[in-house]
Amino acid sequence: MAAVTRLNLPRSFWLALLPAIALLLLLLAPLARLGFAGFSGEFNALGDLSLWQPWQDDYLRWRVLWSVAQAAITCVLALALGLPLAWVLARFEFAGRRLVLRLLMLPFVVPTLVAALGVLALWGPRGLISSTLGINLQDTPWLLLYGNLFFNLCLVVRAGVDALGQVNARQVAAARTLGATPWRSFWRIEWPTIAPWLMSSLCLVFLYCFAGFGLALVLGGQRYATVEVEIYSLVAYELQLGQASVLALWMLLLTGAVALGYAALEKRLGAPVRTEPVARVHPRDARQWLAVAGALAVLFVVCALPIFAIVIKAVYALWTGASGLFDAEALAALWNTLRFSAVALVLATLLGVLHALVAQASVVWRALAFLPFVVSPVTVAFGLLLLYPSWTASLPLLLAAYAVLAYPFVAKALSAGLDGLPAHLTQAARTLGASPWRCFWRVTLPLLAPALRRGMAFAAATALGEFAITLFLSRPEWATLTTLIYQRLGRPGQANLDAAMVLACVLMTLALLAFLLIEWPVREHATADSDGHGSRVGSGMTISH
Amino acid sequence: MLELRHIHHRYGDQLLLQDVSLQVQAGEIVALLGSSGSGKSTLLAIAAGLQRPDAGSVWFDDVDISAVPPERRGFALMFQDFALFPHLNVQDNVAFGLIEQRLPKKEARTQALQMLEVFGLSPLAQRKVWNLSGGEQQRVALARALITRPRALLLDEPFSALDADLRVALRDEFRNRIRAAGMATLLVTHDAAEADAMADRAVRLMAGQLVPDCNGAAG
């Protein structure tokens, strides 16, 4: 193996060059620039700013503490709801179970702003539920928490189902014969096995909620917006770059700490081992059927209802003949979304394939693919703004930033696929006369097609729903569907809200197409992209929101 | 003639191959015996060009091919897990090497079908390889290896994944087919009976060095 690595070192270097430059110029350098700005106080002309200001100022302290609190509360809620749901899905066999597991991927491709509008369509002003029940949740934390759960409950449930599949049936059987009740055997055998997996997924949930932007911007309101929204407001509206950079520095430190915890947990988990999983049973009595029905009902209310609400609102708006829904502005935004996403997808695929090929030989390089997952888009955008002030309204920078945020999905899916590819297949091809390139083209690529498709679909969904970077770096004429939805939300009147709902519906349809590409059932080759890999990839994959 | 000259190779701290030299004449089948982890598969990978030795060289017909990449050596390597390409059907698996020799696809497929007929596998030509039995997969792998008319055939425990009855039946069939093709063949195995049945002579890899196999009745 050592000899093979040595043999390929020059090739690895060239393969790694492009992704390394992209990561360095578009992620690491902007973060370093931002860190320097926060630390050195270069925008602190009046000298009234300190590194500790976020903890000294009441207003900023509330923003930071609330950001932590809303992420922590979401984690608790996601675990409390997600673990029983995962248990039901992992232990009971019922018609439609596989479909439900597939649908759990759905929120991962729904753009943040669509989710935010879904929550508003249910609970916002004239929302389907709020107006029926006569309650008003505006200016409460519930809208944001509901939005957070919409995205993250599925993540915890998927991780839980995967983890419960790792529980060894023989150990459970042994515990039962030694006198443990089902409940005791859960606590003493199943929980220790699944806890690290759940903790790992909760780290991701925390990161996504803590560093989330779109949901907090739309649903947080004045009082319950997060630090990310505050950074955006300071940069875009108040031009307080000093305060923004200090806040961004603290965000970097806090997210970095949680990301390190996540990496440590992932390392401990390692590769899933083959065990004899606990067999699923058909629900027998009313109590068990009630558990299945309850689980499906909770999933429907949290993860599906907001999507239905948007469709209902959009159809109603079209039915009542709302005007100006598809004006030139909307069509231009649709066109921008499509062309930006297409270019980003091509770039992301190129970067992702190169990154994955090198990742086979280097653990550090593999870990680097996680970087864009854990860094908030607002931080990246702000860093790019500081580092390349003259290019802030340039299309190449915008598209390159899109690609860097999207390519880890391709890299991660392909790496998992490559792990599952027996080395003998490529060796056989080489001895049958195929050059390295021909071997990649005729053997590796066709076998990895399902993994590549999966990664590209996630990357496409990320590009379609990109919001934060576009808001920071775009020009008015480059408005995409997400930024136009946000603009319409900011304008007064029911007509604008209707238009936002219709645009959200269009965006969601595009995201659904990506979802169908991911989860469309295909007959996959026995050796590549096995179920284990697919689910593991899935559990680690969400779009950053 | 395939020649391995003074091969040295380490795996981590362990000296796996120590001054190993071996010659295999055209038309000769040599069995390479050894326990698990003795380095026999590594030696085969070095002969195939998939791995580069720390020291030593590989020669064919008095030409040093140590720096020649595996695809240009004109050898065929058969693996114990068969290494059939799961995305291709039986016919395209067999045609794979011909297409790499720049034969037009149609011509390659026709030749592959003829080869499958010789092996009695033509009814399976359009089948996906994972639907085949172990013995059928092994035959397809041999057909795929032989169709390119390799200068040398390298077999890495080719029967270890098969059950005992099939193993005995196939090794007779393989020996006859390999003899008919008449190339230098190096057979790696840990099974002395298999070496006895298939090979002209046998050598054993012990503590990194080659010794003549005393039990081998080959010849």
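A few comments on the model shown:
- Taking the range A:417-495 and the helices (runs of 4 or more DSSP H) fully enclosed by it, the elements with 3 or more residues that are touching a residue at least 60 places away in the same chain (Cβ under 8 Å) and under 30 Å from the mean Cα position of the chain (by Cα) are at A:445-464, A:468-473, A:481-490.
- Among residues of the range B:89-102 being open to solvent by 10 Å² or more (accessible area, probe 1.4 Å) and modelled with pLDDT of 90 or more, the one that is nearest to the other protein chains (Cβ to nearest Cβ) is B:ASP92.
- Reported count of residues in the range A:448-463, each being within 12 Å of another protein chain (Cβ to nearest Cβ) and aliphatic (A, V, I, L, M), is 2.
- Qualifying positions in the range B:35-77 - open to solvent by 40 Å² or more (accessible area, probe 1.4 Å), more than 13 Å from every other protein chain (Cβ to nearest Cβ) and at pLDDT 90 or above: B:TRP59, B:ASP61, B:ASP62, B:VAL63, B:ASP64
- Among (1) assigned to a loop (DSSP other than H, G, I, E, B); (2) open to solvent by 10 Å² or more (accessible area, probe 1.4 Å); (3) within 8 Å of chain A (Cβ to nearest Cβ); (4) not small (Gly, Ala, Ser) - the single one B:PRO86 does not satisfy: (2)
- Filtered by the rule that a residue be open to solvent by less than 10 Å² (accessible area, probe 1.4 Å) and over 16 Å from A:GLY465 (Cβ atoms), the range A:386-413 gives A:VAL410, A:ALA411, A:ALA413.
- The condition of being hydrophobic (A, V, I, L, M, F, W, C), on the phi < 0 side of the Ramachandran plot and in a helix (DSSP H, G or I) holds for only one of B:LEU153, B:LEU116, that being B:LEU116.
- Residue count, the range B:3-34 (criterion: within 14 Å of chain A (Cβ to nearest Cβ) and either out of contact with any helix residue (DSSP H, G or I) (no Cβ under 7 Å at 6 or more places or on another chain) or hydroxyl-bearing (Ser, Thr, Tyr) (or both)): 7
- Qualifying residue in the range A:431-447 (condition: surrounded by 22 or more Cβ atoms within 10 Å (Cβ to Cβ) and away from chain B (no Cβ under 13 Å)): no
- Flag for B:ARG177 being over 18 Å from B:SER21 (Cα atoms) and basic (Lys, Arg): yes
- When the range A:27-63 is filtered for residues that are of a type in the set (A, V, I, L, M) and either over 18 Å from A:LEU253 (Cα atoms) or modelled with pLDDT under 85 (or both), the ones remaining, listed by number, are A:LEU34, A:ALA37, A:ALA45, A:LEU46, A:LEU49, A:LEU51.
- Among (1) under 12 Å from A:LEU249 (Cβ atoms); (2) open to solvent by 50 Å² or more (accessible area, probe 1.4 Å); (3) modelled with pLDDT under 80, the one test that A:LEU7 misses: (1)
- Taken together, the residues in the range B:123-135 that are modelled with pLDDT of 90 or more and assigned to a helix (DSSP H, G or I) amount to 2.
- Among residues of the range A:108-128, those that are in contact with a Leu (Cβ under 7 Å, 6 or more places away or on another chain), in contact (Cβ under 8 Å) with a residue 60 or more places away in the chain and within 24 Å of A:ALA80 (Cα to Cα), counted: 5
- Of the residues in the range A:53-68, at least one is surrounded by fewer than 21 Cβ atoms within 10 Å (Cβ to Cβ) and of a type in the set (Ser, Thr, Tyr).
- All helices (runs of 4 or more DSSP H) inside the range A:362-410 with 3 or more residues being under 19 Å from the mean Cα position of the chain (by Cα) and either farther than 20 Å from A:CYS203 by Cβ or of a type in the set (A, V, I, L, M, F, W, C) (or both): A:371-374, A:377-387
- Within the range A:187-244, considering residues that are of a type in the set (S, T, N, Q) and more than 30 Å from A:ARG158 (Cα to Cα), the one most open to solvent (accessible area, probe 1.4 Å): A:GLN222
- The C-beta contact set for the range A:168-186 (first residue open to solvent by 50 Å² or more (accessible area, probe 1.4 Å), second residue assigned to a helix (DSSP H, G or I) and at pLDDT 80 or above, distance under 7 angstrom, 6+ apart or interchain) comprises A:GLN171/A:ILE189; A:ARG176/A:SER185.
- Apart from one condition, B:LEU142 fits all of (1) modelled with pLDDT of 85 or more; (2) assigned to a loop (DSSP other than H, G, I, E, B); (3) surrounded by 19 or more Cβ atoms within 10 Å (Cβ to Cβ); the exception is (2).
- Meets criteria (of a type in the set (D, E, K, R) and open to solvent by 50 Å² or more (accessible area, probe 1.4 Å)) for A:ARG97: no
- Selection status of A:LEU144, in contact with a Phe, Trp or Tyr (Cβ under 8 Å, 6 or more places away or on another chain), over 18 Å from A:ARG98 (Cα atoms) and either among the β-branched types (Val, Ile, Thr) or buried (at least 23 other Cβ atoms within 10 Å of the Cβ) (or both): yes
- Search result, residues across the range B:61-94 that are free of Cβ contacts under 8 Å to residues at least 40 places away in the same chain and under 14 Å from the mean Cα position of the chain (by Cα): B:PRO70
The values are calculated or read from the model by the stated rules, or taken from the named source; none is laboratory data. Computed from a predicted model, the values in this text were never measured in an experiment. Positions of Cβ are backbone-derived with ideal geometry, glycine not excepted, and every protein chain shown enters the neighbour counts. Each accessible area value is taken on the protein alone, full model and side chains, heavy atoms only, with ligands, DNA and RNA left out. Shrake-Rupley method; radii C 1.70, N 1.55, O 1.52, S 1.80 Å.
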